[in-house]
Amino acid sequence: MRMMKPLLLAALSATTLAACGGPQSAGRDQIKAVGSSTVYPFAKAAAEEFSRSYPQFSSPIIESTGTGGGFKLFCGGVGTQYPDIANASRRMKASEFENCQANGVTEVVELQVGLDGVAIAESLEGQNFSLTPAQVYEALAAEPYGKPQTAKNWSDIDPSFPNEPILVYGPPPTSGTRDALAELILTAGCETDPSIAAMKESDEDRYEQICTEVRSDGAYVEQGENDNLIVQKLATNPKAIGIFGYSFLEENADTLRGLSLGGFEPTYENIASGSYPGARPLYIYVKKQHVEAVPGLKEYLSTWVENWGKDGLLTSKGMIASTPEAAARNAEVATNLTTIQATDLQ
């Protein structure tokens, strides 16, 4: 009986879509996208351009739920009660893809739409010091290198740093930015200790805990899925540091500055080249089973492709353009609606 559940869900989902009878009788005539707060402003910009270019379609609904929350909604099932698109500031996990499959979402299209950087920033009136991934890890880890967290002030990390309390505003666990912080910066810093790096082979669970678990004693303060809240906090507290997507730093360059990480500042050029340690790809995931049922979905994807170039609309909003090769490859995926397989995510 248990083995029949995925098949039954798929059959019910197929029936739901079949009942739509095409664009005119669909239960929802608006594209619905959920997911990453980092991708949100770009998705909104694409939606506005889509509405200008295709006035015959309803304006898309874009919701900021966080990457993890977006995948949960997206993978909930097939049918117009479920989102068509998941915006993501990290790649879909194999476990999330398995959840999609189990709920009948068997055809998923993955598009890398551009790049972003996990920026570490402060007020222009802030303390202005450079960091390494190891120093960020030592300041934020619950158990740095497997030992109790004792650092209270930045000077406890490095005597040359300000003798001020560590206070970092950042994203919650549901955010793709938090995942990217853990993977690109915290883990890189953690692995500077050879004994911890070796632990990955002998005790992967403990290794992941040591390298990615963030302290919960008040030095790191979660600010939800709205990165603008972090920007506002930094404006009122010059001694605090914030972590969010590069686009929010660029948008607020008149009040904020990015801190150098590993010798590289969070700039367009450094993120595009991969020099900046916090550089990461951005994605949208499309439910192919919805393409014919939801009016304008194909055209909305075309809008992304037409505007993700270096001089396009989306880069004017702070997104970093992919390399020409990656952009061409993903444009082909968007045209052909090529779906991913479980092995692609391993």
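The values are calculated or read from the model by the stated rules, or taken from the named source; none is laboratory data. If you're wondering where the values come from, they're calculated on a predicted model, not measured in any experiment. Counting neighbours? That spans all protein chains shown, and the Cβs are built from the backbone with ideal geometry, glycine included. Note: areas computed on protein heavy atoms with side chains; ligands, DNA, RNA excluded. Shrake-Rupley method; radii C 1.70, N 1.55, O 1.52, S 1.80 Å.
Return yes or no: is residue 122 touching a Lys or Arg at 6+ places or on another chain (Cβ under 6 Å), of a type in the set (Asp, Glu) and modelled with pLDDT of 95 or more?
Details: touching a Lys or Arg at 6+ places or on another chain (Cβ under 6 Å): no; of a type in the set (Asp, Glu): yes; modelled with pLDDT of 95 or more: yes.
The answer is no for residue 122.
Scanning segment 135-150 for residues that are touching a residue at least 60 places away in the same chain (Cβ under 8 Å) and part of a loop (DSSP other than H, G, I, E, B) returns 142, 143, 149.
Answer yes if at least one residue in segment 311-320 is open to solvent by less than 40 Å² (accessible area, probe 1.4 Å) and over 20 Å from the mean Cα position of the chain (by Cα), and no otherwise.
Within segment 311-320, the first condition is being open to solvent by less than 40 Å² (accessible area, probe 1.4 Å), and the residues that meet it are 312, 314-315, 318-320.
Checking which are over 20 Å from the mean Cα position of the chain (by Cα) leaves us with 312.
Looking for residues that are open to solvent by less than 40 Å² (accessible area, probe 1.4 Å) and over 20 Å from the mean Cα position of the chain (by Cα), one finds at least one in segment 311-320, hence yes.
Among the criteria (1) touching a helix residue (DSSP H, G or I) at 6+ places or on another chain (Cβ under 9 Å); (2) of a type outside the set (Ser, Thr, Tyr); (3) farther than 21 Å from residue 49 by Cβ, the one residue 269 does not fulfil is (1). Scanning segment 150-157 turns up one or more residues that are basic (Lys, Arg) and over 25 Å from residue 272 (Cβ atoms).
Do we have any residue at all in segment 288-297 that's among the hydrophobic types (A, V, I, L, M, F, W, C), out of contact with any Gly (no Cβ under 8 Å at 6 or more places or on another chain) and not in a helix (DSSP H, G or I)?
Looking only at segment 288-297, we keep the residues that are among the hydrophobic types (A, V, I, L, M, F, W, C), and these are 291, 293-294, 297.
Then drop every residue that is not out of contact with any Gly (no Cβ under 8 Å at 6 or more places or on another chain), which leaves 291, 294, 297.
The next check asks that each one be not in a helix (DSSP H, G or I); those that pass are 291, 294.
Yes, the conditions are met somewhere in segment 288-297.
Of everything in segment 271-290, what is more than 16 Å from the chain's Cα centre (by Cα) and in contact (Cβ under 8 Å) with a residue 60 or more places away in the chain? Give them in sequence order.
If the condition is that a residue be more than 16 Å from the chain's Cα centre (by Cα) and in contact (Cβ under 8 Å) with a residue 60 or more places away in the chain, then 272, 276, 287, 288, 289, 290 are the ones that fit.
Going by what's in this entry, would residue 274 be described as surrounded by fewer than 24 Cβ atoms within 10 Å (Cβ to Cβ) and closer than 20 Å to residue 91 by Cα?
Working: surrounded by fewer than 24 Cβ atoms within 10 Å (Cβ to Cβ): yes; closer than 20 Å to residue 91 by Cα: yes.
When the stated conditions are applied, residue 274 passes them.
Quick check on segment 176-186. Is at least one of its residues over 21 Å from residue 37 (Cβ atoms), surrounded by 15 or more Cβ atoms within 10 Å (Cβ to Cβ) and in contact (Cβ under 8 Å) with a residue 40 or more places away in the chain?
Start the filter on segment 176-186 by keeping residues that are over 21 Å from residue 37 (Cβ atoms), which leaves none.
No, that holds for no residue.
Would you tally the residues in segment 234-253 being in contact (Cβ under 8 Å) with a residue 12 or more places away in the chain, more than 17 Å from residue 178 (Cα to Cα) and not in a helix (DSSP H, G or I)? The qualifying residues number 5. Within segment 55-98, the set of residues being more than 14 Å from the chain's Cα centre (by Cα), open to solvent by less than 50 Å² (accessible area, probe 1.4 Å) and hydroxyl-bearing (Ser, Thr, Tyr) comprises 58, 80. Of 301, 297, 337, all but one fail to be within 30 Å of residue 101 (Cα to Cα) and in contact with a His (Cβ under 8 Å, 6 or more places away or on another chain); the exception is 297. Is it the case that residue 283 is touching a Phe, Trp or Tyr at 6+ places or on another chain (Cβ under 7 Å) and not in a loop (DSSP other than H, G, I, E, B)? Answer is no for this residue.
Among the residues of segment 313-346, the ones that are in a loop (DSSP other than H, G, I, E, B) and over 19 Å from residue 89 (Cβ atoms) come to 4 in all.
The number of residues in segment 31-58 that are more than 18 Å from residue 86 (Cβ to Cβ) and of a type in the set (Gly, Ala, Ser) comes to 3.
Residues satisfying the criterion are present in segment 109-116 (criterion: of a type in the set (Asp, Glu) and at pLDDT below 95). Here residue 106 passes the criteria (1) among the β-branched types (Val, Ile, Thr); (2) surrounded by fewer than 23 Cβ atoms within 10 Å (Cβ to Cβ); (3) within 30 Å of residue 135 (Cα to Cα) except the one numbered (3).
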